[in-house]
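Here the structure comes first, spelled out in structure tokens, and everything after it is commentary.
The values are calculated or read from the model by the stated rules, or taken from the named source; none is laboratory data. None of the values given here were measured: they were computed from a predicted structure. For neighbour counting, all protein chains shown are included, and Cβ atoms are generated from backbone atoms with ideal geometry for every residue, glycine included. All accessible areas refer to the heavy atoms of the entire protein, side chains included, with ligands and DNA or RNA removed. Shrake-Rupley method; radii C 1.70, N 1.55, O 1.52, S 1.80 Å.
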Amino acid sequence: MEVLRLQRQKEMLRIAWRDLDDIAPLEQILAELSDFAEAMVSVTLDHLHDKAVQVMGTPMSESGEPQFMLVLGMGKLGGRELNFSSDIDLIFFYPEEGETRGGRRLSNHEFFLRLGRNLVKYLNETTKDGFVFRVDTRLRPYGDSGPLVMGFAAAEQYYQSQGRDWERYAMIKARALVGRQVDIDYLESMLRPFIYRRYLDFSAFESIREMKSMIEAQVQRKGIQDNVKLGRGGIREIEFIGQTFQLLRGGHDAGLQIRGIVDVLNLLAEMKLLEHEEVERLQQAYHFLRQLENRIQMDRDMQAHDLPVDDVGRQRLALAMGEQGWPALLPVIELHRNNVHAVFQNIISREEDEDAAVEDNTLALKSYWANVADSEALLQWFAEHNFSDADEALKKLDMFRSDGRIRGLSEQAAQRLLKLLSKLIQAISDYPESNVLLERVLQILNAVAGRQVYINLLLEYPEASRQMLSLCSVSAWFVQQLMAHPILLDELLDAGELYQAKDYPALAQELEYLLSSVPEGDLEQYMDRLRQFKNVQVMKTAVLDVSQILEVTDVGETLSHIAEVVLVKTLQLAWDEVYQKHGRPSSIINDEKVFPGIGIVAYGKLGGLELGYGSDLDIVFLHNSSGEKQYTEGNTAGDKVIDNSVFFSRVAQKVLHILGTRMYAGLLYETDIRLRPEGKSGLMVSSLKAFEQYQLEKAWTWEHQALIRARIVAGNDPIRQEFDRIRHSVLTSKREPQALCRDVAEMRYKMRDHLGSKDSTRFNIKQDAGGIVDIEFLVQAGILLKAETQNDLLSSTSTLVLLGQLVKSSWFTAEESETLGQAYRDFREQVNRQALLIDLSLDEKTMSAYKAGVTDVWQRLMPEKDKSKK
């Protein structure tokens with residue numbers, strides 16, 4: 001004990017000197033203090049363990065494995081941010097129950113209890129040489145009343161059934177200081193789901209507020225307002241800000257599962273959860289206040305956080321902080337504290353002032369909620385605040401209130417729902433169609449009422465509520481999406497991010513980030529995250545669409561890029577799954593080993609970068625395996641070797657499984673693979689050689705039409721290059737004009753008969769004469785006829801781009817191209833509006849003009865229907 005204390009005096013003098021003389025930066029000072037404390041705990045425990053074993057024997061598990069204590073460092077020690085004269089908060093665990101062998105027989109619990117008490121004594125007890133570290137063990141399960149040490153099984157039961165919010169908060173910084181790595185890994189995996197909820201946890205705000213209120217009450221009671229740790233704008237508020245977001249999002253974004261507050265703040269800025277300017281002010285304040293705190297504590301080695309009140313103490317502190325005197329230092333302290341408190345108030349403590357109208361609404365709603373017969377005041381409020389039918393509004397509210405899910409809420413949950421509903425009804429009254437919007441919002445609240453995380457989200461973030469109302473007032477599609485996938489509400493928090501268009505690289509980067517926290521090999525969680533990504537990005541695209549930020553062509557391109565990014569990742573996941581079992585496919589060509597791959601060809605809307613909101617994916621799988629010995633290598637001696645064709649077939653099946661399995665977050669995409677060679681009867685995955693042969697020798701004209709909009713969207717460069725060569729070769733073949741136009745027209749007439757509207761008074765924008773497919777077939781016929789001499793026609797797969805290029809080849813006149821192009825854009829926009837459940841905007845006159853214009857071009861270029869053929 002004497003050696004430990006003398007060593008402590010030496011090291012603390014060294015660290016204080018380095019700090020005061022600016023030899024080392026603050027971050028290094030805090031890390032050295034933490035490292036020194038960790039070393040003292042580790043060395044002391046090793047010494048005491050060895051002494052205890054000599055007397056009591058070695059603690060063993062039931063299976064005969066030696067057991068060792070695991071020490072968790074909490075708070076600033078856990079985060080490697082220890083103060084100069086701080087307590088060290090420790091919690092003691094041991095892995096398994098059992099008893100000692102080789103000495104006096106004791107239970108493992110008794111052995112480790114004595115060991116823990118001795119460790120505290122050696123570090124904490126004050127002797128003539130002082131102390132090593134003040135040790136606080138009150139953060140353990142059950143606090144002071146709980147056992148000093150606890151086995152893993154008992155700890156797991158406690159945290160699962162009785163762990164409190166403040167313990168979750170405390171565990172964020174927890175770090176194992178001493179213990180076997182296998183035990184550390186187990187304990188961390190056991191604690192992680194307790195600390196970090198899998199989904200967003202907006203109750204974190206309320207928990208932090210409660211803890212902050214308790215601290216503020218303590219500050220007021222003890223008169224320590226000038227406490228740089230606990231007072232207004234102090235260090236604890238900075239930690240609360242960072243750790244609130246960690247509790248809120250740490251289970252969803254594993255990157256936030258870190259301990260250091262500076263690193264957390266940097267990450268929050270990167271994630272755009274805090275403004276860069278806010279983070280900069282918080283970090284400057286943190287650096288200043290921690291340095292101030294350290295220098296307060298260097299005076300007499302006291303665990304103090306209060307600013308001095310005596311003149312000498314103030315002058316000493318000012319000198320230590322490099323200021324001329326107290327009058328110069330105090331304004332700097334206040335500046336940093338004000339900056340911190342402003343951010344804290346904005347993030348944690350925001351409470352909106354309610355005007356008289358909101359108060360009236362709240363009182364009327366509360367009276368009605370308590371007694372449905374007391375509805376007169378609420379009816380009057382509806383009538384006076386823009387609700388066209390007050391009785392109807394009350395009827396919808398009554399249906400909502402009487403629903404089983406609402407009646408089953410706890411008292412606390414019901415009160416929070418009522419508080420939110422009051423705010424929403426007030427905001428709804430500002431919209432033109434208040435009654436319609438009220439019904440839509442009540443549908444969403446009914447869907448999420450039992451999941452308090454979303455009620456808390458809408459209460460804590462008025463911006464999210466505003467965005468929800470704005471979108472739902474435009475389209476019932478958003479209502480359906482938010483009801484089916486409430487996690488999308490989280491995307492409404494940041495309007496700047498919500499209204500920002502993303503290109504392919506940005507989408508790919510976002511998906512990689514979302515998947516980065518998924519444990520390797522957890523395919524189910526990968527599939528869940530893929531669906532989450534798709535749902536979020538499609539909704540964001542719809543937001544940009546209805547806000548008229550994106551043109552219809554941009555909408556199709558963005559939706560296509562979302563699908564492409566998903567397909568690339570899905571193919572990689574599928575490949576990895578099959579590869580793990582069988583190794584990579586290989587073959588021998590010209591006595592050299594090669595490693596073939598698989599690619600995905602997109603046809604139709606996806607191939608043409610014209611995907612719609614409800615479009616399925618037309619895809620075909622191709623591989624480039626050829627030569628001799630076409631089979632997999634195997635990763636280990638026990639792996640089953642299979643033919644390459646079987647390998648690629650299993651990869652394709654796994655892709656379809658990942659895309660098409662219905663999960664809680666829905667399907668990823670509906671897929672259609674009937675465009676593969678030989679259709680339904682053909683192989684699921686064709687070789688490029690077989691694909692080329694089929695296209696040149698067996699394919700129908702309509703299959704060559706489909707090839708015009710085909711492109712590789714996932715796969716390696718050799719497959720991409722070979723597919724492009726085959727596509728070019730097939731589409732530049734010489735064709736007899738009359739025969740081609742007859743084939744194209746016949747197929748189109750069959751489609752009209754089977755898929756067109758049977759009601760002459762209704763116009764099917766896609767399939768009826770004069771609609772979308774007519775335009776596409778006209779373009780495709782032109783490409784097949786003109787590509788032989790005009791190879792640049794194959795540089796794009798987009799119908800609109802090809803429309804313009806076909807003017808140069810004299811297939812269309814410039815006027816026809818303009819007419820068809822405008823009709824195609826507006827028709828596609830109408831299809832998108834229908835998918836988003838928005839009323840059609842094209843008037844009958846414009847629609848008729850488009851139909852007539854398309855029909856005129858069709859009649860000029862295509863033969864009439866042969867009425868003798870059915």
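Residues in the stretch 172-183 that are open to solvent by 20 Å² or more (accessible area, probe 1.4 Å), of a type outside the set (Gly, Ala, Ser) and not in a strand (DSSP E or B): Arg180, Gln181, Val182. Entry remark, the stretch 365-403: residues being within 37 Å of the chain's Cα centre (by Cα) and in a helix (DSSP H, G or I) number 11 in total.
Filter the stretch 644-653 down to the residues that are touching a residue at least 12 places away in the same chain (Cβ under 8 Å) and more than 15 Å from Asp672 (Cα to Cα), then identify the one that is most open to solvent (accessible area, probe 1.4 Å). Of everything passing the filter in the stretch 644-653, Arg650 is most open to solvent (accessible area, probe 1.4 Å). Among the residues of the stretch 404-438, those that are more than 29 Å from the chain's Cα centre (by Cα), outside any loop (DSSP other than H, G, I, E, B), within 21 Å of Leu482 (Cβ to Cβ) and not aliphatic (A, V, I, L, M) comprise Gly404, Ser422, Gln426, Ser434, Asn435.
Reported count of residues in the stretch 344-364, each being within 36 Å of the chain's Cα centre (by Cα) and at pLDDT 80 or above, is 4. Return the only residue of Phe36, Phe93 being surrounded by 18 or more Cβ atoms within 10 Å (Cβ to Cβ), at pLDDT 95 or above and either on the phi > 0 side of the Ramachandran plot or part of a helix (DSSP H, G or I) (or both). From the options Phe36, Phe93, the qualifying one is Phe36. Of the helices (runs of 4 or more DSSP H) lying entirely inside the stretch 680-775, the ones with 2 or more residues being surrounded by 16 or more Cβ atoms within 10 Å (Cβ to Cβ) and in contact with a strand residue (DSSP E or B) (Cβ under 7 Å, 6 or more places away or on another chain) are found at 688-697, 717-731. Figure legend. Inter-residue proximity from the stretch 90-102: first residues free of Cβ contacts under 8 Å to residues at least 40 places away in the same chain, second residues open to solvent by 10 Å² or more (accessible area, probe 1.4 Å), beta-carbon distance below 8 Å, spacing 6+ or different chains. Indicated pairs: Gly98/Met60; Gly98/Glu62; Gly98/Ser107. Tallying residues that are open to solvent by 20 Å² or more (accessible area, probe 1.4 Å) and in contact with a Leu (Cβ under 9 Å, 6 or more places away or on another chain) within the stretch 141-155 yields 2. With the requirement that a residue be exposed (fewer than 11 other Cβ atoms within 10 Å of the Cβ) and within 30 Å of Phe691 (Cα to Cα), what does the stretch 630-643 give you? Listed by number, the list holds a single entry, Lys640. Taking the listed residues Asp866, Asp856, the one that is at pLDDT 90 or above and out of contact with any Gly (no Cβ under 7 Å at 6 or more places or on another chain) is Asp856, with no other qualifying. Taken over the stretch 272-320, the criterion of being farther than 19 Å from Phe84 by Cα, in a helix (DSSP H, G or I) and either open to solvent by 40 Å² or more (accessible area, probe 1.4 Å) or not acidic (Asp, Glu) (or both) is satisfied by His276, Glu277, Val279, Glu280, Arg281, Leu282, Gln283, Gln284, Asp311, Val312, Gln315.
Among the residues of the stretch 463-472, are any farther than 24 Å from Lys540 by Cα and either open to solvent by 60 Å² or more (accessible area, probe 1.4 Å) or in contact with a strand residue (DSSP E or B) (Cβ under 7 Å, 6 or more places away or on another chain) (or both)? No, the stretch 463-472 contains no residue that is farther than 24 Å from Lys540 by Cα and either open to solvent by 60 Å² or more (accessible area, probe 1.4 Å) or in contact with a strand residue (DSSP E or B) (Cβ under 7 Å, 6 or more places away or on another chain) (or both).
In this structure, does Val831 turn out to be open to solvent by 20 Å² or more (accessible area, probe 1.4 Å) and touching a residue at least 40 places away in the same chain (Cβ under 8 Å)? Against the criterion (open to solvent by 20 Å² or more (accessible area, probe 1.4 Å) and touching a residue at least 40 places away in the same chain (Cβ under 8 Å)), Val831 qualifies. Out of the stretch 803-829, which residues are in a helix (DSSP H, G or I) and out of contact with any helix residue (DSSP H, G or I) (no Cβ under 8 Å at 6 or more places or on another chain)? Within the stretch 803-829, Lys808, Glu815, Glu818 meet the criteria. Based on this model, can you work out whether Gly666 counts as in contact with a His (Cβ under 8 Å, 6 or more places away or on another chain) and on the phi > 0 side of the Ramachandran plot? Criteria met by Gly666.
Considering the conditions (1) in contact with a helix residue (DSSP H, G or I) (Cβ under 8 Å, 6 or more places away or on another chain); (2) open to solvent by less than 50 Å² (accessible area, probe 1.4 Å); (3) not in a helix (DSSP H, G or I), Ile258 is excluded by exactly one of them, (2).
How many of the residues in the stretch 656-672 are out of contact with any Lys or Arg (no Cβ under 9 Å at 6 or more places or on another chain) and either of a type in the set (Ser, Thr, Tyr) or within 21 Å of Leu489 (Cβ to Cβ) (or both)? Number of matching residues: 2. Of the residues examined, Tyr169 is one that is aromatic (Phe, Trp, Tyr), open to solvent by less than 40 Å² (accessible area, probe 1.4 Å), within 42 Å of the chain's Cα centre (by Cα) and more than 14 Å from Ile91 (Cα to Cα). Does the stretch 789-812 contain any residue that is farther than 20 Å from Gly607 by Cβ, of a type in the set (Asp, Glu) and surrounded by fewer than 16 Cβ atoms within 10 Å (Cβ to Cβ)? Looking through the stretch 789-812, none of the residues is farther than 20 Å from Gly607 by Cβ, of a type in the set (Asp, Glu) and surrounded by fewer than 16 Cβ atoms within 10 Å (Cβ to Cβ). Within the stretch 696-725, residues that are under 28 Å from Ile775 (Cα atoms) sit with their Cβ atoms under 6 Å from residues that are open to solvent by 40 Å² or more (accessible area, probe 1.4 Å) and not charged (D, E, K, R), at 6+ positions apart or across chains, in these pairs: Trp702/Met747; Ala706/Leu675. Here Asn635 fulfils each of the conditions (1) touching a residue at least 60 places away in the same chain (Cβ under 8 Å); (2) farther than 30 Å from Leu668 by Cα; (3) of a type outside the set (Gly, Ala, Ser) apart from (1).
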